[in-house]
Structures are given as C-alpha cells and as structure tokens.
Amino acid sequence: MALLEIKNLHAEVDGKKILNGVDLVVKKGTVHAIMGPNGSGKSTLSYVLAGKPGYTVTEGDVLLDGESILGMEPDERAAKGIFLAFQYPLEIPGVASMTFLRTAVNAQRKRRGEPELSTPEFMKRVRWMAEKLEIEPEMLRRAVNVGFSGGEKKRNEVLQMSMLEPRLAILDETDSGLDIDALRIAADGVNRLRSPECSMIVITHYQRLLDYIVPDVVHVLSKGRVVKTGGKELAHELEARGYAEYQDDAAA
C-alpha cells in the first residue's frame with residue numbers, strides 16, 4: 001500500500017521553476033534513494049514535502065495516505081508523521097537540546113491526541129536512544145547544535161528522528177561533511193528505524209551513503225523530474241558512469 005504519492009509535481013522558488021513534473025510512489029516500509037547532480041531539484045523536493053515556506057507548488061499534488069498535504073502547515077505535516085533531516089542542521093542558541101526535544105515530542109503527541117510523556121518516561125527513552133547513537137549525556141545539556149561537530153549534529157538529528165517516530169523520514173544529504181565513523185553511527189541510527197510502519201526517502205549525491213542505508217528503490221532526478229528508477233544496483237552504475245546521460249534525457 002502506498003504511503004506517499006507524488007503526482008506531476010511542479011514547484012518554483014522566487015519565480016524560478018525547479019521541479020518539472022515529479023512522479024513518485026513510496027510504499028509503506030520501503031526506503032527510496034533519490035540521486036542526481038547538483039541543481040537537479042533534490043533538496044527542493046524535500047522542502048516541498050516538508051512544507052518549507054518560499055517553495056510554491058504550481059501544479060500537481062502530494063498525497064499522504066491518500067490525503068493531500070499541500071494545504072497543510074509544516075507542523076501539521078509533522079504531526080501526520082513527516083520528518084525532514086536537513087543537510088545543514090540549524091543551531092538554536094539558548095535552548096538546551098533536551099528541552100527542545102521534549103517540547104517537540106510532546107507537541108506532536110498533543111497534536112495527535114496522545115498523552116504527553118512524563119519527565120521520567122521521556123528521560124528513560126531519550127537516554128536509551130542516546131546511548132545507542134553514542135551521544136554523551138553532556139551533549140544533550142548543550143544548546144541545540146551550538147558548537148557541535150558535523151557528526152554530532154547529524155547524530156543529534158537522528159536522535160530527534162528516533163524520538164519523534166516518523167512515518168515518512170526524509171534525509172537530505174545526511175552524509176554531507178561526515179567522516180566514515182560518523183557516517184556509520186548516523187546510518188546505524190537510521191537503520192534502527194526501518195520498519196513496516198516507517199518509510200524513508202534518502203537524498204544523496206554519492207553512492208557511499210547507500211552502502212550503509214541500503215535502499216529498496218533508487219530514482220535519478222535530473223532537471224526537476226525523475227528520469228530513471230531501478231534497484232540498489234542503479235546507485236553503483238551512477239557512481240561509475242556519472243549523471244551525463246540522464247541530464248540529456250531530462251532535456252529531451
């Protein structure tokens with residue numbers, strides 16, 4: 001059964017067309033990788049799905065469980081189970097990571113009509129998950145992402161994702177700026193979330209991330225639309241041959 005359906009999606013930023021008819025179906029419990037050259041629209045697609053302001057949909061639709069999400073605010077989409085892990089996680093000075101995380105978790109639970117987690121329940125969950133992600137307790141007392149290394153930021157974001165338990169997790173170039181050890185730890189955290197109830201869209205420029213988070217389906221995005229879909233072996237083909245042939249296809 002399809003969790004997400006993207007139908008002929010066109011979108012622009014500041015009057016410039018970026019997406020030019022994206023069609024994509026993500027079934028429940030599957031991991032889809034979206035690859036493509038710089039400027040192909042990968043990040044724009046993730047922002048449109050999450051509802052980031054400034055991205056205007058001019059045609060098409062996006063359905064979650066058969067319901068259009070295009071009229072929903074970002075917090076409503078998040079409550080429906082959409083989570084976006086940014087390529088460059090934001091710093092929030094003055095807000096402790098633990099406070100931010102508990103506020104986010106309970107805000108979503110409240111929006112869904114679920115009871116908020118008590119302090120002991122929350123602390124038990126977050127400490128267990130932080131240990132799995134090799135996050136030191138001291139890091140959770142620091143301001144959100146302030147002074148964090150690239151690897152710490154990504155691990156912190158995977159922790160947020162783990163606590164929020166999304167139904168659709170969108171990872172926008174989560175491997176950006178990570179060394180192999182940090183990438184492995186972050187990927188292990190992502191893989192722990194794989195389940196029949198959680199689908200993922202992994203956006204990446206390089207194949208190396210997909211050695212750790214193995215996709216069920218790989219799509220090539222070029223000039224704002226999907227130009228090829230295949231299995232995980234397609235990522236290896238792209239690594240070896242590049243994107244030139246698909247850019248020609250998109251221009252046709």
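The values are calculated or read from the model by the stated rules, or taken from the named source; none is laboratory data. Predicted, not measured: the structure shown is a model, and the values here were computed from it. Reconstructed Cβ throughout: ideal geometry from the backbone, glycine too, with neighbour counts over all protein chains shown.
Considering only the stretch 49-66, I want to know if a residue exists there that is touching a Phe, Trp or Tyr at 6+ places or on another chain (Cβ under 9 Å), under 29 Å from residue 147 (Cα atoms) and touching a residue at least 24 places away in the same chain (Cβ under 8 Å).
Yes, because at least one residue in the stretch 49-66 is touching a Phe, Trp or Tyr at 6+ places or on another chain (Cβ under 9 Å), under 29 Å from residue 147 (Cα atoms) and touching a residue at least 24 places away in the same chain (Cβ under 8 Å).
Sort out which residues of the stretch 176-204 are surrounded by 16 or more Cβ atoms within 10 Å (Cβ to Cβ), small (Gly, Ala, Ser) and within 22 Å of residue 79 (Cβ to Cβ), and write them in order of number.
Of everything in the stretch 176-204, just one residue is surrounded by 16 or more Cβ atoms within 10 Å (Cβ to Cβ), small (Gly, Ala, Ser) and within 22 Å of residue 79 (Cβ to Cβ), namely 199.
Among the residues that make up the stretch 40-48, is at least one of them in contact (Cβ under 8 Å) with a residue 24 or more places away in the chain, farther than 22 Å from residue 194 by Cα and not in a helix (DSSP H, G or I)?
Yes.
What do you reckon, is residue 28 touching a residue at least 12 places away in the same chain (Cβ under 8 Å) and surrounded by fewer than 20 Cβ atoms within 10 Å (Cβ to Cβ)?
Yes: the conditions hold for residue 28.
Looking only at the stretch 99-132, how many residues end up being within 15 Å of residue 165 (Cα to Cα) and either part of a helix (DSSP H, G or I) or under 20 Å from the mean Cα position of the chain (by Cα) (or both)?
Matching residues across the stretch 99-132 total 17.
I want to confirm something. Restricting to the stretch 142-196 and keeping residues that are among the basic types (Lys, Arg) and at pLDDT 85 or above, which single residue is farthest from residue 208 (Cα to Cα)?
142
For (1) crowded, with 20+ Cβ neighbours inside 10 Å; (2) not charged (D, E, K, R), each residue gets a yes or a no:
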| residue | (1), (2) |
| --- | --- |
| 116 | no, no |
| 119 | no, yes |
| 125 | no, no |
| 143 | no, yes |
| 157 | yes, no |
| 168 | yes, yes |
| 174 | yes, yes |
| 206 | no, yes |
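Does at least one position in the stretch 224-237 carry a residue that is crowded, with 18+ Cβ neighbours inside 10 Å, over 30 Å from residue 103 (Cα atoms), at pLDDT 90 or above and hydroxyl-bearing (Ser, Thr, Tyr)?
No, there is no match, as no residue in the stretch 224-237 is crowded, with 18+ Cβ neighbours inside 10 Å, over 30 Å from residue 103 (Cα atoms), at pLDDT 90 or above and hydroxyl-bearing (Ser, Thr, Tyr).
Could you count how many residues in the stretch 156-194 are charged (D, E, K, R), out of contact with any helix residue (DSSP H, G or I) (no Cβ under 6 Å at 6 or more places or on another chain) and within 14 Å of residue 84 (Cα to Cα)?
4
Examine the stretch 56-66 for a residue that is buried (at least 19 other Cβ atoms within 10 Å of the Cβ), modelled with pLDDT of 95 or more, under 25 Å from residue 158 (Cβ atoms) and out of contact with any Ser or Thr (no Cβ under 9 Å at 6 or more places or on another chain), and state whether such a residue exists.
Yes, the conditions are met somewhere in the stretch 56-66.
Here are some residues: 139, 123. Which one is in contact with an Asp or Glu (Cβ under 8 Å, 6 or more places away or on another chain) and farther than 17 Å from residue 213 by Cβ?
Of 139, 123, the one residue that is in contact with an Asp or Glu (Cβ under 8 Å, 6 or more places away or on another chain) and farther than 17 Å from residue 213 by Cβ is 139.
Pick out the one residue from 27, 80, 42 that is at pLDDT 95 or above and among the charged types (D, E, K, R).
27
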